[in-house]
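Take a look at the structure set out below.
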Amino acid sequence: MSVSWSLIVNYGEPLTLHSLMEVRSCVAAAHMGLGVDTDIAVGLGTDALIAAKDQQEARKFYVNTPPLSHRQQMNDGSWLEVRSSDRPEEPGMYCTNRNGDGGRCARHLHHLGEC
């Protein structure tokens, strides 16, 4: 299962992001678009990237880690939020993918990673 994130400004349409670097770049660009200094904007983008990466890593070890919801205040009073699209594992259903050895994945549905 691949993870994606949604970038939302206020209650606007979500922008789907497919990599951690897209999270960083888009958050930084949103802040720079409102006149924030480049170094500060890149720092805010890096904060969002770290939050997404930490949540993703935690989810691999603890299946009940809640989805990411990282919110930042923007300098015009609006807010920006990065949300992960991952769903909690479903204990009653199993993944139908194969692992690296070709065997059936033993993890529950919606897990992150191993297969």
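The values are calculated or read from the model by the stated rules, or taken from the named source; none is laboratory data. Note that the structure is predicted; figures quoted are calculated from it, not measured. All Cβ positions, glycine included, derive from the backbone under ideal geometry; neighbour counts span all protein chains shown.
For A30, state whether it is among the aliphatic types (A, V, I, L, M), within 15 Å of S85 (Cα to Cα) and touching a strand residue (DSSP E or B) at 6+ places or on another chain (Cβ under 9 Å). Can you show your working first?
On the way: among the aliphatic types (A, V, I, L, M): yes; within 15 Å of S85 (Cα to Cα): no; touching a strand residue (DSSP E or B) at 6+ places or on another chain (Cβ under 9 Å): yes.
In short, no.
Can you find a residue that is at pLDDT below 75 and either in a loop (DSSP other than H, G, I, E, B) or on the phi > 0 side of the Ramachandran plot (or both) anywhere in segment 76-86? Yes, that holds for at least one residue.
Restricting attention to segment 1-17, the residues being of a type outside the set (D, E, K, R), out of contact with any strand residue (DSSP E or B) (no Cβ under 8 Å at 6 or more places or on another chain) and loosely packed, with under 14 Cβ neighbours inside 10 Å number 3.
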